[in-house]
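Below is one structure, written out as structure tokens, with a few remarks after it.
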Amino acid sequence: MARTTRWGILATGKIAHKLAADLALTPDNELVAVGSRRSESAQAFAQQYGVPAAYGSYEELVADPAVDVVYVATPHALHLECARLAFAAGKHVLCEKPLTLNIAEAAEMVRLAREHDRFLMEAMWMACNPVIRRLGDDMRAGRFGTPRQAHAELGFRVDESPEHRLLNPDLGGGALLDMGIYPLTFAHLMLGPAEELTATATLSGPSGSGVDLDVAITGRYAGGALATMCASLTSWSSRAASVATDEGRLEVPPEFHHPRYAVWTPVGGEPERIEAGEPVIGEGYGNEIAEVGRCVQAGLRESPLVPLDRTLLLMRQMDDLRRQVGVRYASD
């Protein structure tokens, strides 16, 4: 019989609500505690989702003996600090993406996980999505032919004050870290590791010295395959992705980072709808929750679906892309 994995959610922002809703739909996983820096926020969250324990500090949350896994749902700049608390308390960690602000912090988080012998996974839910997993497997098996070009874009208009986490450099704001990580990961999953990445961006601030509002990336991959990847905080993109091969075209409709199907159209043939052999749980967060639970119950310290080496590789790429466009954070 599978043992239930017990979760504590650290912070109560928008993404925490999404994960809590899907956690309730995920078998063998249970939300048992929530923690916030404001007791009122934790109490309201607990009441909304029927959580037994609510704490007015992160320290109290990680100290709860009923919690197996802590989901870190804070802004990017606080991820390392919060994961450190969780590991020191003996908890496993699912950390919201991107794992940290830069490669130095990400490497430190991985080091801490290994020092404390705890599970760690970046919350790259797209890599746990059963449709994306099938597409990657089929692409590597040659089912669609040889991939030659890929495209992925994710963007929406953000009308917020400069203090908002998406626009504030002190909180790791910018389109690349929050949304660009999805097109980068999609290209990696479909084409393999990038051999070269080049970026251009429009920056915020009166002198263009703030965060990246819009970023466009080109990449070269094994065998000469190319990719274009875009992220935006100022415009409504298609949120779709595609891969063109020597035999046809694979299209992943909106939202490509948590799809329920894809369409493969071979040259001269009829479109084929591709679905996965297992369900998308809720909005798709349930699949990453299930993966964390599976790994923890199996005694694993990282997930084969979201391996730490890939997380670190993509963080190095984003460090270099930020350098190219001129975005810096205080911790760099």
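Taken together, the values in this text are just the output of simple stated rules run on the coordinates, not laboratory data. Values in this document were obtained by computation on a predicted structure and should not be read as measured data. In this analysis, Cβ positions are derived from the backbone assuming ideal geometry, glycine residues included, and neighbour counts consider all displayed protein chains.
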Rg over Rh of the stretch 129-283, using C-alpha atoms and the Kirkwood radius, what does it come to?
1.02
Using a ≥ b ≥ c from the Cα gyration tensor of the stretch 227-332 (square roots of the eigenvalues), is it rounded, prolate or oblate, where a/c under 1.5 gives rounded and otherwise the larger of a/b and b/c decides, a/b for prolate?
oblate
Grab every C-alpha pair in the stretch 258-305, bin the distances at 5 angstrom width from 0 up to the longest one, and report whole percents.
5, 18, 18, 16, 14, 11, 9, 6, 3, 1
Cα-based Rg and Dmax for the stretch 1-68, in Å, come out at 11.2, 38
Computed ³J(HN,Hα) along the stretch 22-34: with the Karplus parameters 6.51/-1.76/1.60, θ = phi - 60°, integer Hz and x for glycine or proline, the list is 6, 4, 5, 9, 9, x, 6, 9, 9, 8, 10, 7, 9
For the chain, with a Gaussian network of springs between Cα atoms less than 10 Å apart, report the residue from Glu115, Glu270, Glu30 with the top mean-square fluctuation.
Glu270
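Send over the semi-axes of the stretch 44-146's equivalent ellipsoid, whole angstrom and largest first, taken as the square roots of 5 times the C-alpha gyration tensor eigenvalues. Let's see the in-between values first.
Values: eigenvalues 188, 68, 31 Å².
After scaling each eigenvalue by five and taking roots: 31, 18, 12 Å.
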Using the Karplus curve 6.51 cos²θ - 1.76 cosθ + 1.60 with θ = phi - 60°, work out ³J(HN,Hα) for each residue of the stretch 3-8 in order, rounded to whole Hz, and write x for Gly and Pro.
8, 6, 8, 9, 10, x
So for the stretch 137-219, what are the equivalent ellipsoid semi-axes in whole Å, largest first, each being the square root of 5 times an eigenvalue of the Cα gyration tensor?
31, 12, 10
Could you tell me what percent of the DSSP beta bridges with both partners in the chain are antiparallel, to the nearest 5?
55
May I ask you to list the trypsin sites (Lys or Arg not before Pro) in the stretch 133-172 that are in a DSSP loop and have at most 12 other Cβ atoms within 10 Å of their Cβ?
Arg157
What angle do you read, to the nearest 10 degrees and between 0 and 90, between the alpha-carbon axis of helix 308-325 and the longest principal axis of the chain?
70
Need one number for the stretch 95-160: average projected area of the convex hull over its C-alpha atoms, nm².
7.6
Whole Å is fine, so just give me how far the alpha carbon centre of the stretch 155-188 lies from that of the stretch 43-108.
21
Relative to the compact-globule scaling 2.2 N^0.38 Å, provide the ratio for the alpha-carbon radius of gyration of the chain.
0.98
Using packing as a proxy for protection, rank 67-76, 298-307, 166-175 so that the peptide with the highest average count of other Cβ atoms within 10 Å comes first.
67-76, 166-175, 298-307
In degrees between 0 and 90, to the nearest 10, how far off the longest principal axis of the chain does helix 181-191 point, with axes built from Cα atoms?
50
Can you give me the angle between helix 103-115 and the longest principal axis of the chain, using Cα atoms only, in degrees from 0 to 90, rounded to the nearest 10?
50
Å³ per residue of the Cα convex hull, for the stretch 21-104?
98
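If you take every residue apart from Pro254 with its C-beta less than 11 Å away from the C-beta of Pro254, what net charge results, scoring Lys and Arg +1 and Asp and Glu -1?
Working: positive: Arg239, Arg260; negative: Glu153, Glu251, Glu255.
With Lys, Arg at +1 and Asp, Glu at -1, the neighbours total -1.
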Among Asp64, Asp319, Asp159, determine the one that fluctuates most according to a GNM of the chain built with springs between C-alpha atoms less than 10 Å apart.
Asp159
GNM top mover of Ile15, Ile281, Ile217 - the chain, alpha-carbon springs below 10 Å:
Ile15
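Could you work out the Kirkwood radius for the stretch 174-253, taking every pair of different alpha carbons, averaging 1/r and inverting it, reported in Å?
Details: mean 1/r = 0.0742 Å⁻¹.
After inverting the mean inverse Cα-Cα distance, the result is 13.5 Å.
Cβ under 12 Å from Trp125's Cβ, Trp125 left aside: what net charge do those residues give with Lys, Arg +1 and Asp, Glu -1?
Taking every Cβ under 12 Å from that of Trp125, the sum is -4.
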Taking the Cβ of Pro193 as the center, what net charge do the other residues with Cβ under 14 Å away carry, scoring Lys and Arg +1 and Asp and Glu -1?
0
Hey, what number do you get for the chain at 222 nm if only DSSP H runs of n ≥ 4 count, each worth -39500 (n - 2.57), divided across all residues, to the nearest 500?
-9500 deg cm²/dmol
